[in-house]
Amino acid sequence: MPLSLVLACVWGLVAGLAGMAPQRFHWPAAWILIATGIPLLGYVTLQTGPVWGLICLAAGASVLRWPLLRAAQKMKRIVVRVERDTGEPGE
């Protein structure tokens, strides 16, 4: 098994342990997982190809769904604010 997939599995185990930790550790752990997961995803894609990269991306997104939802909500607020200020609908 390639080193990148081993590291991705370790990342998944750490994410599971972070999920079992007390709630006050969830967001700091999420930021650490994001900071380590992005370069790891690039490494997986480089070493094993785009199919495994997409599989790991889907796995990471399922683990880190709340930061992704919060980012989407924030972007939606920004788009709505810009539309309201300019009066033009975004496309």
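Would you calculate the volume per residue, in Å³, of the smallest convex hull containing every Cα atom of the stretch 35-80?
82 Å³
Can you tell me the orientation of helix 3-20 relative to the chain, as the angle in degrees between its alpha-carbon axis and the longest Cα principal axis, to the nearest 10?
On a 0 to 90 degree scale, this one is about 70.
If you bin every alpha carbon distance in the chain into 5 Å steps from zero, what whole percent lands in each bin?
The distribution over the chain is 3, 13, 20, 17, 14, 11, 9, 7, 4, 2, 0, given as percents.
For the chain, find the longest principal axis of its Cα atoms and tell me its angle to the long axis of helix 65-86, 0 to 90°, nearest 10.
With both axes taken from Cα atoms, the answer is about 20 degrees.
Would you compute, from DSSP H runs of 4+ residues alone, the mean residue ellipticity of the chain at 222 nm, taking -39500 (n - 2.57) per run and dividing by the full residue count, rounded to the nearest 500?
-29000 deg cm²/dmol
We did not get these values from a lab; they are worked out from the coordinates using the rules stated. The structure presented is a predicted model; accordingly, all values stated were derived computationally and were not measured.
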